[in-house]
Ligand SMILES: *[C@@H]1O[C@H](CO)[C@@H](O)[C@H](O)[C@H]1NC(C)=O
Ligand SMILES: *[C@@H]1O[C@H](CO)[C@@H](O)[C@H](O)[C@H]1NC(C)=O
């Protein structure tokens with residue numbers, strides 16, 4: 001009898017522990033799904049070590065940098081809780097695509113020195129160069145880097161970042177299909193990523209869709225500010241344009257025979273100034289806040305309801321060396337004093 005009671009008490013403890021563990025895991029797990037882009041096109045940005053402290057203070061565990069900046073990577077040493085996506089610069093692609101030796105040299109210089117104490121999870125080859133004049137340089141570099149990390153057994157995934165301009169059709173989502181140039185340049189990359197089980201990285205900006213057609217796209221639909229069904233596409237119902245654009249890309253991939261390839265949203269965001277009433281801190285806060293909620297809800301899109309969204313907000317700081325206008329106002333923080341431009345985290 002006593003023994004059974006002990007067993008029962010033990011089992012109850014186990015169950016309680018499992019529940020607590022499960023809750024903790026899900027909280028950490030979803031929080032870690034929202035990352036931040038860390039762009040450096042400003043002449044008034046804070047030192048990287050301050051920025052890393054900021055990330056840790058707001059619980060950011062994933063960041064993306066656009067090139068292997070040594071100052072940033074050195075500041076990340078020892079902060080292994082932060083997963084880092086590192087970009088290969090577009091200007092380097094010509095040389096790297098011409099020779100596997102050049103890729104080995106690039107890796108030895110830019111990645112190798114940090115492997116021991118920086119948590120580099122992804123290398124993305126080129127930023128929005130597919131489709132375009134240097135688009136064909138991407139796949140050979142991805143192949144060389146994939147061979148290299150495989151042969152070394154390193155836990156780094158190799159991908160590339162593409163824009164939604166690869167879609168020739170995106171409305172309704174089920175009509176999604178790639179442009180002829182994307183069919184040439186992007187589809188082979190998607191097939192390669194399917195083979196290596198690595199997500200494609202996509203930049204999705206409802207802001208630009210809305211700003212270019214505010215007559216037919218309502219602000220509420222663009223900023224996740226309605227629960228109502230705005231677009232019905234067969235059995236799928238859309239109340240925000242983010243999901244609609246995401247799914248248009250999924251449909252376009254399927255039409256090329258690429259099924260079940262996962263997608264990471266490498267950039268999304270909304271500017272807080274630069275275009276009158278469309279770009280206020282309140283609207284930017286609403287869009288970004290709702291995006292974070294969407295990610296943390298663990299829900300997917302109507303076409304992929306069970307695949308939770310993995311995404312990075314663009315960007316950490318307003319960058320004054322980007323083109324004038326909205327481009328300089330995507331930041332969540334002021335560069336000079338690191339104060340939030342609006343409350344988000
Ligand atoms: C490295 O980053 C990834 C992605 O954020 C995370 O899942 C992993 O736990 C991190 N590794 C360590 C050692 O913390
Ligand atoms: C808005 O929708 C109307 C009606 O469907 C269409 O005729 C018009 O071309 C659209 N405007 C734009 C800018 O897409």
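The values are calculated or read from the model by the stated rules, or taken from the named source; none is laboratory data. Only a predicted model underlies this, so the values are computations on that prediction, with no experimental measurement involved. Note: ideal-geometry Cβ built from the backbone for every residue, glycine included; neighbour counts use all protein chains shown.
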*What are the residues in the range 324-340 that are touching a helix residue (DSSP H, G or I) at 6+ places or on another chain (Cβ under 9 Å) and either assigned to a helix (DSSP H, G or I) or more than 14 Å from residue 58 (Cβ to Cβ) (or both), if any?*
326, 329, 330
*Does residue 265 satisfy being part of a strand (DSSP E or B) and surrounded by 16 or more Cβ atoms within 10 Å (Cβ to Cβ)?*
yes
*Residue, nearest to residue 262 (Cα to Cα), within the range 230-239, restricted to residues that are within 16 Å of ligand 2 (Cβ to nearest atom) and surrounded by 13 or more Cβ atoms within 10 Å (Cβ to Cβ)*: 233
_If I ask for residues that are surrounded by 15 or more Cβ atoms within 10 Å (Cβ to Cβ), more than 15 Å from ligand 2 (Cβ to nearest atom), within 13 Å of residue 242 (Cβ to Cβ) and over 22 Å from the mean Cα position of the chain (by Cα), which ones from the range 213-229 would you list?_
220
_Members of the range 306-319 found to be crowded, with 17+ Cβ neighbours inside 10 Å and either farther than 24 Å from residue 174 by Cα or without any contact (Cβ under 8 Å) to a residue 60 or more places away in the chain (or both), listed by number_ = 312, 313, 314, 315, 316, 317, 318, 319
*Hey, can you tell me all the residues within the range 77-98 that are surrounded by fewer than 16 Cβ atoms within 10 Å (Cβ to Cβ) and farther than 16 Å from residue 134 by Cβ?*
77, 78, 80, 81
*Being within 16 Å of ligand 1 (Cβ to nearest atom) and either over 23 Å from the mean Cα position of the chain (by Cα) or surrounded by 17 or more Cβ atoms within 10 Å (Cβ to Cβ) (or both), is that true of even one residue in the range 175-198?*
yes
*List, please: which pairs have Cβ atoms under 6 Å, are six or more places apart or on different chains, and start with a residue in the range 205-231 that is in contact (Cβ under 8 Å) with a residue 40 or more places away in the chain and at positive phi and end with one that is more than 16 Å from ligand 1 (Cβ to nearest atom) and in a helix (DSSP H, G or I)?*
224/290
*Right, residue 303: in contact (Cβ under 8 Å) with a residue 60 or more places away in the chain and over 30 Å from residue 180 (Cβ atoms) or not?*
no
*Considering only the range 85-104, state which residues are in contact with a strand residue (DSSP E or B) (Cβ under 6 Å, 6 or more places away or on another chain) and either more than 14 Å from residue 125 (Cβ to Cβ) or within 16 Å of ligand 1 (Cβ to nearest atom) (or both).*
85, 86
*Kindly list the number of the only condition in (1) away from ligand 2 (no atom under 16 Å from the Cβ); (2) assigned to a loop (DSSP other than H, G, I, E, B); (3) under 18 Å from residue 303 (Cα atoms) that fails for residue 174.*
(2)
_Filtered residues of the range 303-318 (kept if in contact with a helix residue (DSSP H, G or I) (Cβ under 6 Å, 6 or more places away or on another chain) and either in a loop (DSSP other than H, G, I, E, B) or more than 24 Å from residue 127 (Cα to Cα) (or both))_ = 303, 309, 318
*Look at the range 140-169 and say how many of its residues are closer than 19 Å to residue 266 by Cβ, out of contact with any strand residue (DSSP E or B) (no Cβ under 8 Å at 6 or more places or on another chain) and surrounded by 20 or more Cβ atoms within 10 Å (Cβ to Cβ).*
0
*Working carefully through the options 130, 82, 123, 63, find the one that is under 19 Å from the mean Cα position of the chain (by Cα), more than 16 Å from ligand 1 (Cβ to nearest atom) and modelled with pLDDT of 95 or more.*
130
*Could you identify the single residue in 102, 31, 108, 116 that is modelled with pLDDT of 95 or more and touching a helix residue (DSSP H, G or I) at 6+ places or on another chain (Cβ under 8 Å)?*
102
*Scan the range 269-291 for residues that are in a loop (DSSP other than H, G, I, E, B) and without any contact (Cβ under 8 Å) to a residue 24 or more places away in the chain and report the count.*
1
*Kindly establish whether residue 242 is free of Cβ contacts under 8 Å to residues at least 60 places away in the same chain and either within 14 Å of the chain's Cα centre (by Cα) or buried (at least 19 other Cβ atoms within 10 Å of the Cβ) (or both).*
yes
*Look at the range 282-291 and say how many of its residues are surrounded by 18 or more Cβ atoms within 10 Å (Cβ to Cβ) and within 17 Å of the chain's Cα centre (by Cα).*
3
